[in-house]
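Below you'll find the structure, written out as structure tokens, and then a few comments.
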Amino acid sequence: MRTPQTSPGDTADTPNSFRQQPDDRGHFGDFGGRYVAETLMPNILALEQAYDEAKKDPAFTDQFEDLLEHYVGRPSPLYFAERLTEALGGAQVWFKRDELNHTGAHKINNCIGQILLAIRMGKTRIIAETGAGQHGVATATVCARFGLPCVVYMGAEDVRRQSPNVFRMKLLGAEIVPVTSGRGTLKDAMNEALRDWVANVDDTFYIIGTAAGPHPYPAMVRDFQSVIGTEARAQIQQRTSRLPDLLVACIGGGSNALGLFHPFLDDADVKMLGVEAAGLGLDGDQHAASLTGGAPGILHGNKTFLLQDEDGQITEGHSISAGLDYPGIGPEHAWLKDIGRVEYTAVTDDEALEAFQLLCRTEGIIPALEPSHAIAAVAKRAKEMDKDAIILANLCGRGDKDIFTVAEKLGVEI
Amino acid sequence: MNNANRIAAAFAKPHPALVCFVTAGDGDTAANLDALVEGGADVIELGMPFTDPMADGPAIQAANIRALKAGTTTQDVLMIANEFRERHPDVPLVLMGYANPMVRRGPEWFAQEAAGAGVDGVICVDIPPEEDSALGPALRERGIAPIRLATPTTDDFRLPTVIEGSEGFLYYVSVAGITGKQSAAQDSIDAAVKRLKAATDLPVAVGFGVRTPEQAGAIAKVADGVVVGSALVDLVAEHGVDAPAHLRDLTARLAKAVHSAERAAA
């Protein structure tokens, strides 16, 4: 691992830190940045300025925290998974229960932050992209809560496989636009949302759902999601009087993982494991593991690891989980991999499906297919660790939305 | 004549320049390009197909998909450029596209290959001035003009940033939106071009939403160049390998309107 770097603005008495990224141009080492069309640049710069001002304004942070407490239901519990721990026969497994949030996933944390910023900037129309539909539901929810019109772009294929979430968004008053370009999944939805934004820059705020996209989105989404790790860090110390040995989280774009990891980055003894979707296996092209199976490139406003061919054409990710099949990843993860602070691995569809069932039966918790990937990695690692070691994993979403996919996979008709 | 000089010469003609766009690998590209030149295009923009053309409307998105489905590679695009250069030694050729295919093998590789193929300029949609180092220095070193885009959202505060480091010509995107969708009101174009020309000595070409000879002629009264893309790409979509005759016809009508426009006093 490289030693932490101080940014040029740091004074001599600031300790070295992994938590000072990005630089003032939005770069995380070689990654990140603002690779957008000129039409969007003034908007991106205005957003950066508005966010910088908002995060220093106690009125903004007070309102954010108040909504997280009373509307979202934070803090989410930190739960010791006793029977799972017993079943695995190794390290203690603890879960940060972000699936208990209002709307059933971590996505709402970020949406609360961004809609408050949108209102602060005087924007009157909200757009979003969604894959599994969790971010779309969270965006539609906050739009209903604040009375703003909401347009959600969703790949046509995802509309098909996530129909419960589509109906939820409609109930919440959102307009769903099915996107048929490309293969009709998350990346195509993001292209279409960017096309909408570029044509409606004056009144529209684009709520991006993960810690990716042009600066300041990766840093801003990370900051809003860091409530996960900040709570977890205090909770685990209160309960066990120490820090965990290993943090585990699944990664599509990477916002739940960064939210958990970021507050721990300077705790040198805490190891971290990000889990990508290996789909049908990393040896073929049917996976969504940008870090473990991709290469650096530029897409959707940032430089990061991408699934792409030798000509830089973007290839489609595959995962059983619609929330993980994005062909890119947040730029801060690309940097954390590059410097070696976080380890990244990948878990197949079948392994995730097995972990999904394991958690259902041992703990009475139906997880989403996304964190099922994290649970599969936990199962592997726990067995290799001492019984007094602590693994803390993020249970970032609940599985109600996935029961149809799981039933189909298991050959069950419901 | 080489590289940026060809662009300068095209804009030094006694009349405004017609800039015509088609996507590489869509239909018989060599024949399509020849038709544009025969019709009277002064500058050729060759689109590099990309899987995720975020700034493009349905027409050019579809052209990208057709080109990629036909198996078009970066090497094919460079070969099309190279053969065009052999057939048309004096017509400026500009590559237009997105960052990822341009930087995939490194900016130096791309700049060297493009220069070798006789490319005069590059328009990269998603590399704003703030990220110039990703491609700009490599292009300039090889004598290829990095052509920047200015838009209705580029305010006076930001305009100098866009102009600095821009070469060849300044491409004014006349609508805040994607290609080929809606057209800007003529008086907003007049005002914008006046503002840009007051800020730079570079020629100013206007594009996005320009489809007809009438529109092109009106813009040519104030601008140094007029860019037409989606209307030409639509002809390729409609007529496939028979597109060249139709491209030649539309280009000739556009060229007549643009070349005969009486320029308003500056």
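The values are calculated or read from the model by the stated rules, or taken from the named source; none is laboratory data. Here the structure is a predicted model, which means the values were calculated and not measured. Cβ atoms come from the backbone with ideal geometry, glycine included; neighbour counts cover every protein chain shown. Only protein heavy atoms, including side chains, enter the accessible area calculation; ligands, DNA and RNA are left aside. Shrake-Rupley method; radii C 1.70, N 1.55, O 1.52, S 1.80 Å.
For this structure, a couple of remarks:
- Across A:K55/A:K337; A:K271/A:K337; A:K337/A:K387, pairs whose alpha-carbon gap is larger than 19 Å: A:K55/A:K337; A:K337/A:K387
- Rounded to the nearest 10 Å², the accessible area of B:E167 at probe 1.4 Å: 60 Å²
- Nearest-10 value in Å² for the accessible area of B:K221, using the 1.4 Å probe: 100 Å²
- In terms of accessible area, using a 1.4 Å probe and ignoring ligands and nucleic acids, B:I7, A:I119, B:I163 rank largest first as A:I119, B:I163, B:I7.
- Listed residues B:E164, A:E363, A:E157 arranged by accessible area, highest first, probe 1.4 Å: B:E164, A:E157, A:E363
- Relative contact order, percent, segment B:123-175 [alpha-carbon distance under 8 Å, six or more residues apart]: 39 percent
- Square roots of 5 times each gyration tensor eigenvalue, C-alpha, segment B:178-266, largest first, Å: 26, 14, 10
- Two-decimal Rg to Rh for the protein assembly as shown - Kirkwood Rh, Cα set: 1.00
- Between A and B, accessible area buried - total, square angstrom, nearest 100, 1.4 angstrom probe: 2800 Å²
- Diagonalising the gyration tensor over the Cα atoms of segment A:248-402 and scaling each eigenvalue by 5 before taking the square root yields semi-axes of 24, 19, 13 Å, largest first.
- Other residues lying with their Cβ under 10 Å from the Cβ of A:G209 contribute a combined charge of 0, Lys and Arg counting +1, Asp and Glu -1.
- Stokes-Einstein D (µm²/s) once Rh is taken as the Kirkwood radius of segment B:3-259 over alpha-carbon pairs, at 20 °C in 1.002 mPa s: 121 µm²/s
- Accessible surface of B:M48 - all protein chains present, 1.4 Å probe, nearest 10 Å²: 10 Å²
- Counting only protein chain heavy atoms and rolling a 1.4 Å probe, the accessible areas of A:E413, A:E276 rank, largest first, as A:E413, A:E276.
- Cβ neighbours within 10 Å from other chains - mean over B:151-161: 3
- Amide H within-cut-off set for A:T348, under 5 Å, with H built and near neighbours excluded: A:A278
- Peptide A:243-251 has a mean shielding of 0, counted as Cβ atoms of other protein chains within 10 Å of each residue's Cβ.
- Contact order for chain A, expressed relative to its length and based on alpha carbon pairs under 8 Å spaced 6+ residues apart, stands at 20 percent.
- Of the solvent-accessible surface of chain B, computed with a 1.4 Å probe and all protein chains present, 53% belongs to carbon and sulfur.
- Out-of-range pairs (alpha-carbon distance over 21 Å; input B:K13/B:K256; A:K170/A:K401; A:K96/A:K303; B:K13/B:K197): A:K96/A:K303
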